[in-house]
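Report on the following structure.
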Amino acid sequence: MIIAPAEPHDVAKLLAFREEAAAWLRGLGSDQWSRPYPADKLLATIEAGTVFMLRDGHTTAGTITLTPEAEDGLWTDEELTEPSLFINKLTVAREYAGQNLGGRLLNWAGDRAYRAGARWLRLDAWTTNEGLQRYYLAQGFTHVRTVRVGIAVNGGPRVSGWLAQRAASVVADHGFTDRTPVPERLRFAA
């Protein structure tokens with residue numbers, strides 16, 4: 001499998017991924033990702049070079065967004081002084097479920113974060129999705145806290161405030177052919 005930067009033509013596939021994941025989550029009793037995601041915002045993240053696609057031949061098996069910017073109101077000012085990369089929108093196609101692609105994408109992200117000079121790989125997860133929280137804990141993340149107040153970036157109530165992190169680290173082999181550019185070094189004021 002090959003991991004490469006997303007391209008503008010991937011917007012439709014990414015939106016379909018989100019719909020597929022939302023339907024699966026609804027079947028589990030979760031309202032996560034039930035609100036449509038604006039295509040223009042998705043395109044902006046692709047153009048910023050923060051969205052990556054995992055491809056199995058001509059099929060997209062998964063995606064991950066990895067950005068140096070945290071969502072407003074989640075991490076403290078002190079935490080934001082620590083070099084970190086933030087995971088968003090990790091999704092694996094249902095036909096690839098059970099193959100640990102999510103865990104391998106997290107390992108790839110941790111390695112990329114390390115190569116960018118980050119200390120931490122951080123994420124926020126849905127506050128009511130305990131299964132997802134257990135998944136991240138099993139992947140080596142540590143729960144930092146849960147933020148329940150505030151308004152999310154999209155204007156709705158805060159629903160994704162379960163914060164977790166793990167140390168960025170070199171991964172000997174995540175098993176992907178990496179066709180991504182060398183990550184830019186993070187710039188942080190100490």
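The values are calculated or read from the model by the stated rules, or taken from the named source; none is laboratory data. Since this is a predicted model, take the numbers as computed values, not measurements. FYI the Cβ positions are ideal-geometry reconstructions off the backbone, even for glycines, and counts take in every protein chain you see.
For residues that are among the hydrophobic types (A, V, I, L, M, F, W, C) and more than 12 Å from the chain's Cα centre (by Cα), scanning just region 71-100, find the one that is surrounded by the fewest Cβ atoms within 10 Å (Cβ to Cβ). Among residues in region 71-100 that are among the hydrophobic types (A, V, I, L, M, F, W, C) and more than 12 Å from the chain's Cα centre (by Cα), the one surrounded by the fewest Cβ atoms within 10 Å (Cβ to Cβ) is Ala97. Of all residues in region 77-109, those that are touching a strand residue (DSSP E or B) at 6+ places or on another chain (Cβ under 9 Å) and either among the β-branched types (Val, Ile, Thr) or at negative phi (or both) total 22.
Quick grid of which residues meet (1) surrounded by fewer than 19 Cβ atoms within 10 Å (Cβ to Cβ); (2) at pLDDT below 95; (3) under 15 Å from the mean Cα position of the chain (by Cα); (4) over 26 Å from Val11 (Cα atoms):
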{"residue": "Arg104", "(1), (2), (3), (4)": "no, no, yes, no"}
{"residue": "Trp108", "(1), (2), (3), (4)": "no, no, yes, no"}
{"residue": "Gly117", "(1), (2), (3), (4)": "yes, no, no, yes"}
{"residue": "Leu123", "(1), (2), (3), (4)": "no, no, yes, no"}
{"residue": "Ala164", "(1), (2), (3), (4)": "no, no, yes, yes"}
{"residue": "Val170", "(1), (2), (3), (4)": "yes, yes, no, yes"}
{"residue": "Thr180", "(1), (2), (3), (4)": "yes, no, no, no"}
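The numbered conditions (1) crowded, with 18+ Cβ neighbours inside 10 Å; (2) within 21 Å of Gly161 (Cα to Cα); (3) not hydrophobic (A, V, I, L, M, F, W, C) are all true for Arg35 except (1).
The condition (being modelled with pLDDT of 95 or more, within 23 Å of Arg122 (Cβ to Cβ), of a type in the set (Ser, Thr, Tyr) and surrounded by 12 or more Cβ atoms within 10 Å (Cβ to Cβ)) is satisfied by just one residue among Thr45, Thr50: Thr50. Scanning region 119-143 for residues that are out of contact with any Ser or Thr (no Cβ under 6 Å at 6 or more places or on another chain), assigned to a strand (DSSP E or B) and touching a residue at least 24 places away in the same chain (Cβ under 8 Å) yields Leu121, Leu123, Ala125, Thr142.
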